[in-house]
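What follows is a set of notes on a single structure, which appears directly below.
The values are calculated or read from the model by the stated rules, or taken from the named source; none is laboratory data. Everything quoted here is computed from the prediction, not taken from an experiment. We place every Cβ from the backbone using ideal geometry, glycine too, and count neighbours over all the protein chains shown.
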């Protein structure tokens, strides 16, 4: 009894499967077989548009920095385009790419039509390894290596020249008090005085075809290349000359 029932069940199952396949229900259908048309559009995502904008900004930006960060806003969530015929054109409204906020004209188009035009905003931020004061530096102090260190600092809004190399500052003199952990700008430092008031110096008087040397005394402080007043120790005559080193002042007559 069990055997006959199983045989009848098996025959019924085979017939059912055959009918299923003959009806086409088990065949994987393409959109065309199902009476549907294949998709002719593609969704251009917000991220894809933002990436194109960032590529434009980096290409047009002319400055060199250790790190550049770009934050894009006012971009549509998605734009429907042709899968193979689309392009994104980006132009700066000011004609240049600069630090801070940039306003951009963006056009998404194909060879046949313009899909969308809009204005996007992009904030460009810059960061550099900048020389900062390792401690409080007082006015008049000559800078040493231990007074300085490099730190990654946002330089987006810096309007003054800053330093990225410690060696450029070693030996310079502070023109003002510089707080600890603060960046050091070019206007905060200067060359130290090579000659000080009262120093004994060699005065070299340069004539057309004659050079005369005499010992003298500096009447004021000065740096290399600066002009200071000196006094001839033999004659008492006061002259003005240019500092060439810590012991020599050249006077041209």
What do you reckon, is residue 131 at pLDDT 95 or above, over 30 Å from residue 191 (Cβ atoms), touching a helix residue (DSSP H, G or I) at 6+ places or on another chain (Cβ under 9 Å) and surrounded by 12 or more Cβ atoms within 10 Å (Cβ to Cβ)?
no
Given the criterion more than 29 Å from residue 151 (Cα to Cα), assigned by TED's automatic domain parsing to the domain that holds residue 59 and either touching a helix residue (DSSP H, G or I) at 6+ places or on another chain (Cβ under 8 Å) or surrounded by 13 or more Cβ atoms within 10 Å (Cβ to Cβ) (or both), identify the matching residue among 110, 94.
110
Could you grab me the full set of residues in segment 173-191 that are surrounded by fewer than 18 Cβ atoms within 10 Å (Cβ to Cβ) and closer than 26 Å to residue 156 by Cβ?
175, 176, 177, 179, 180, 181, 182, 185, 186, 187
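Quick grid of which residues meet (1) assigned to a strand (DSSP E or B); (2) surrounded by 13 or more Cβ atoms within 10 Å (Cβ to Cβ); (3) modelled with pLDDT under 95:
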site	(1), (2), (3)
193	no, yes, yes
209	no, no, yes
215	yes, no, no
225	no, no, yes
228	yes, yes, no
235	no, no, yes
242	yes, yes, no
249	yes, yes, no
